[in-house]
Amino acid sequence: EPGPGGGTPDVLATVDTSAQATTSGGALIFNDTPLISGNSITHQAGSSEVNITQPGIYQATFQGTVSVNAGTTIPAPITVQLELNGAPVSGAIARQTFTSSSEVSTLNFSAPFRINSIPANLRVVVGQSGFTFEEAALTVVRLGDA
């Protein structure tokens, strides 16, 4: 007999290992989707959008390595935030202020959120230009009904 939590989990993992220059207010693109389980979370490789088709409670986890582009004024602040249907998700934000042009940092966040109406669209949006993201990864898990 299956134990607690049996059945197919709803999980989507999407990544991009290439270097992406940031634009102010632009969303990061994810070129590969190495894991999809279940059918409530989808992503088209090469897109910035993760789509959710079932209401419920979800958890999003992001991490990416960021560096300062040549010519960016130091100190250089950057934010990266999860947006749900174009609105910021509370708690799903990471900030860094670079004090050296050679500095490299890993930005990450993890936050639960509720989806009440579908379809829903998630994007990871960068607040400032003048940086490059590499090794970006976003994982979205459906935790259960709302």
Which whole-number percent of Cα pairs in the chain have a distance greater than 28 Å?
-> 21 percent
Accessible surface, per residue, of the range 1-121 when the full set of protein chains is kept, probe 1.4 Å, Å² = 52 Å²
Rounded to the nearest 0.05, FRET efficiency between Ala45 and Asn85 (Cβ-Cβ, R0 30 Å) equals 0.90
Using +1 on the beta carbon of Lys and Arg, -1 on that of Asp and Glu, and nothing else charged, what's the dipole of the chain about the Cα centre, debye to 20?
-> 320 debye
Most fluctuating residue of Gly25, Gly71, Gly56 in a GNM of the chain with Cα springs under 10 Å: which is it?
-> Gly71
Figure the gain on full extension for Ser117 and Glu103 (residue separation times 0.36 nm, minus the Cα-Cα span) and round it to one decimal in nm.
-> 0.9 nm
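Heavy atoms only, probe 1.4 Å: what % of the accessible area of the chain goes to carbon and sulfur, would you let me know?
Result for the chain: 49 percent of the exposed heavy-atom area is carbon or sulfur.
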When the charge dipole of the chain is computed with +1 on Lys and Arg Cβ and -1 on Asp and Glu Cβ about the Cα centre, the Cα farthest towards its positive end, among Thr139, Gly56, Pro77, belongs to Pro77
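The values are calculated or read from the model by the stated rules, or taken from the named source; none is laboratory data. Being a predicted model, the structure only gives us computed values, none of them experimental. Positions of Cβ are backbone-derived with ideal geometry, glycine not excepted, and every protein chain shown enters the neighbour counts. Surface accessibility is based on the protein's heavy atoms, side chains included, excluding ligands, DNA and RNA. Shrake-Rupley method; radii C 1.70, N 1.55, O 1.52, S 1.80 Å.
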